[in-house]
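Each remark here refers to the structure printed beneath this line.
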Amino acid sequence: MNKLYVVGIGPGEYEQMTLKAAKVLESCDVIAGYGVYVDLVKEHFPGKEFLTTPMRQEEKRCRMALEEAAKGKNVAMICSGDAGVYGMTGLIYELSGSYPGVDIEPVCGVSAVISGAAILGAPLIHDFAVISLSDLLTPWEKIEKRLLAASEADMVICLYNPSSMKRKDYLEKACRIMRTYKSPETICGITRNIGREGQSSCILSLEELEKNQVDMFSTVFIGNSQTMAIDGKMVTPRGYRYE
């Protein structure tokens, strides 16, 4: 059938995968992806052929999936969260010119910005920006400009990839940048291991966040000037009371 689905599997928990994503994976012959993500779905889809590559071999992974689809198989390339948010959908399309007979269909999933917000309460009720702190593909100077612009606009900011072994101080640097326009008392939240074993969350101030340790399995939320803590939850008002 020469079909390649690019599937967002959500945060990792089977119950948080969309019904369509589950049906697509059940219908496919081959499931490809980063090894950690494939391990999250293997038990639910026995009998499939699984193809994996390590981290930072994204192009190889995409070509493997496209080649299998070009052979006439139904293939799913899986990504955590949504495949169109820091996922493989864009790269699949970029490489698709070499595989003209393959039909590509993205299948949306629940991104960490959405699942993490649900854990914290209601931080995204008004305008927000999602920014990755990883400078593997984006120069830090550009990331800094985006942090400044979103902060000056008083937007809620969700940070992906806030830290790693090589970027231990990046969240601290980002907090200092955002404090150019945001108060130290700004309400913030951290979620860890969303939808997986060890899930946790906490609410804290921007000043406290600057001194906090996070990892690559963390998603960080920085509120706007109206964001508040209500019964241990992070809440950004929509503004209905002013209408």
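The values are calculated or read from the model by the stated rules, or taken from the named source; none is laboratory data. Since this is a predicted model, take the numbers as computed values, not measurements. Every residue, glycine as well, gets a Cβ built from its backbone with ideal geometry; the counts of neighbours run over all protein chains shown. For accessibility, only protein heavy atoms count, side chains too; no ligands or nucleic acids. Shrake-Rupley method; radii C 1.70, N 1.55, O 1.52, S 1.80 Å.
Kindly indicate whether residue 164 is among the small types (Gly, Ala, Ser) and free of Cβ contacts under 8 Å to residues at least 12 places away in the same chain. Answer is no for this residue.
Take residue 14 and tell me if it is among the hydroxyl-bearing types (Ser, Thr, Tyr), on the phi < 0 side of the Ramachandran plot and touching a Cys at 6+ places or on another chain (Cβ under 8 Å). Spell out how you get there, then give the answer.
Working: among the hydroxyl-bearing types (Ser, Thr, Tyr): yes; on the phi < 0 side of the Ramachandran plot: yes; touching a Cys at 6+ places or on another chain (Cβ under 8 Å): no.
Considered against the rule, which asks whether it is among the hydroxyl-bearing types (Ser, Thr, Tyr), on the phi < 0 side of the Ramachandran plot and touching a Cys at 6+ places or on another chain (Cβ under 8 Å), residue 14 comes out as no.
Restricting the first residue to the range 168-182 and requiring it to be farther than 14 Å from residue 143 by Cβ, which pairs with a second residue that is crowded, with 16+ Cβ neighbours inside 10 Å and of a type in the set (A, V, I, L, M) meet a Cβ separation below 6 Å and a spacing of at least six or different chains? Here the result reads 182/206, each pair linking the range 168-182 to a residue that is crowded, with 16+ Cβ neighbours inside 10 Å and of a type in the set (A, V, I, L, M). Based on this model, can you work out whether residue 125 counts as assigned to a strand (DSSP E or B) and touching a residue at least 40 places away in the same chain (Cβ under 8 Å)? No, not satisfied.
Between 72, 87, which is at positive phi and either assigned to a loop (DSSP other than H, G, I, E, B) or crowded, with 20+ Cβ neighbours inside 10 Å (or both)? Every option except 72 fails the conditions.
Counting only residues that are touching a Gly at 6+ places or on another chain (Cβ under 8 Å) and open to solvent by 30 Å² or more (accessible area, probe 1.4 Å), which one in the range 52-69 is nearest to residue 18 (Cα to Cα)?
Per the stated criteria, the residue is 52.
Looking at the range 139-243, the helices (runs of 4 or more DSSP H) lying wholly inside it that each contain 1 or more residues that are in contact with a strand residue (DSSP E or B) (Cβ under 8 Å, 6 or more places away or on another chain), buried (at least 16 other Cβ atoms within 10 Å of the Cβ) and small (Gly, Ala, Ser) sit at 140-152, 170-178.
All conditions in (1) open to solvent by 30 Å² or more (accessible area, probe 1.4 Å); (2) in a loop (DSSP other than H, G, I, E, B); (3) in contact (Cβ under 8 Å) with a residue 60 or more places away in the chain hold for residue 106, with the sole exception of (2).
Would you call residue 12 in a loop (DSSP other than H, G, I, E, B) and closer than 15 Å to residue 99 by Cα? Outline the logic, then answer.
Numbers: in a loop (DSSP other than H, G, I, E, B): yes; closer than 15 Å to residue 99 by Cα: no.
For residue 12, the condition - in a loop (DSSP other than H, G, I, E, B) and closer than 15 Å to residue 99 by Cα - is not met.
Within the range 46-69, the set of residues being at pLDDT 95 or above and in a loop (DSSP other than H, G, I, E, B) comprises 48 only. Of the residues examined, residue 102 is one that is within 18 Å of residue 33 (Cβ to Cβ), touching a Leu at 6+ places or on another chain (Cβ under 6 Å) and not aromatic (Phe, Trp, Tyr).
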